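The values are calculated or read from the model by the stated rules, or taken from the named source; none is laboratory data. Being a predicted model, the structure only gives us computed values, none of them experimental. No Cβ is skipped: glycine too gets one built from the backbone with ideal geometry, and neighbour counts run over all protein chains shown. Only protein heavy atoms, including side chains, enter the accessible area calculation; ligands, DNA and RNA are left aside. Shrake-Rupley method; radii C 1.70, N 1.55, O 1.52, S 1.80 Å.
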Amino acid sequence: MSRIGRMPIAIPGGVTVTIAENNLVTVKGPKGTLERALAPEMEIKQEGEQIVVTRPNDLKRMKSLHGLTRTLINNMIIGVTEGYTKELEVNGVGYRAAKSGNKLTLNLGYSHPVEMIDPEGLEAVVDGNKITVKGIDKERVGQYAAEIRDKRRPEPYKGKGIKYADETIRRKAGKAGKK
């Protein structure tokens, strides 16, 4: 039995969960509303202040979907109550990030500044050399942070580029001198 899938999900106060046909789950909370169509094979039931996910049989696909379905619902509940953040750091001489309105402008050593517009429901906050992406959907927050990082990935020699705050860059030695 899936250890994660077996655990019930507690519904905090101020959050309403609606389960429609074909497992269309809608979660409403203080920060907003999230909606997601989950695997129709899983049985999602609300029992009082808890949600329980059960699987119909022990096929490999059902075992995989069991834990996934439970985690996705849990992430939606955390998203509408607390929200998600992802921090990035801009490292390098002359590399900087600026924000005006919903436009993020990155100077990353290219001949032109790179401009990105915040997607609907997400917000990027710039504080010095730190960029913080905030939102209620964990998947979209991670995706937008990854797109920002892709504009200039950290390189292994000097560590210049955009990296996640908790990421460690594997450094390489420079070229060896002549003997």
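Figures for the structure shown
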| item | result |
| --- | --- |
| Residue in the stretch 133-141 that is over 22 Å from G101 (Cβ atoms) and either part of a loop (DSSP other than H, G, I, E, B) or within 18 Å of the chain's Cα centre (by Cα) (or both) present | yes |
| Tabulated pairs, the stretch 46-58, first within 10 Å of I9 (Cβ to Cβ) and without any contact (Cβ under 8 Å) to a residue 24 or more places away in the chain, second part of a loop (DSSP other than H, G, I, E, B) and open to solvent by less than 40 Å² (accessible area, probe 1.4 Å), C-beta under 8 angstrom, 6+ apart or interchain | none |
| Of all residues in the stretch 1-31 being of a type in the set (A, V, I, L, M, F, W, C) and part of a strand (DSSP E or B), the one that is surrounded by the most Cβ atoms within 10 Å (Cβ to Cβ) | V27 |
| Residue in the stretch 144-156 that is within 13 Å of the chain's Cα centre (by Cα) and open to solvent by 70 Å² or more (accessible area, probe 1.4 Å) present | yes |
| Residue count for the stretch 142-179, restricted to those that are in a loop (DSSP other than H, G, I, E, B) and of a type outside the set (D, E, K, R) | 11 |
| Filtered residue count, the stretch 96-120, keeping only those that are within 19 Å of K138 (Cα to Cα), touching a strand residue (DSSP E or B) at 6+ places or on another chain (Cβ under 6 Å) and loosely packed, with under 15 Cβ neighbours inside 10 Å | 1 |
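Results for (1) open to solvent by 30 Å² or more (accessible area, probe 1.4 Å); (2) in a strand (DSSP E or B), shown as yes or no for each residue.
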position: T33; (1), (2): yes, yes
position: P40; (1), (2): yes, no
position: K45; (1), (2): yes, yes
position: V53; (1), (2): no, yes
position: D58; (1), (2): yes, no
position: M62; (1), (2): no, no
position: L68; (1), (2): yes, no
position: L72; (1), (2): yes, no
position: G79; (1), (2): no, no
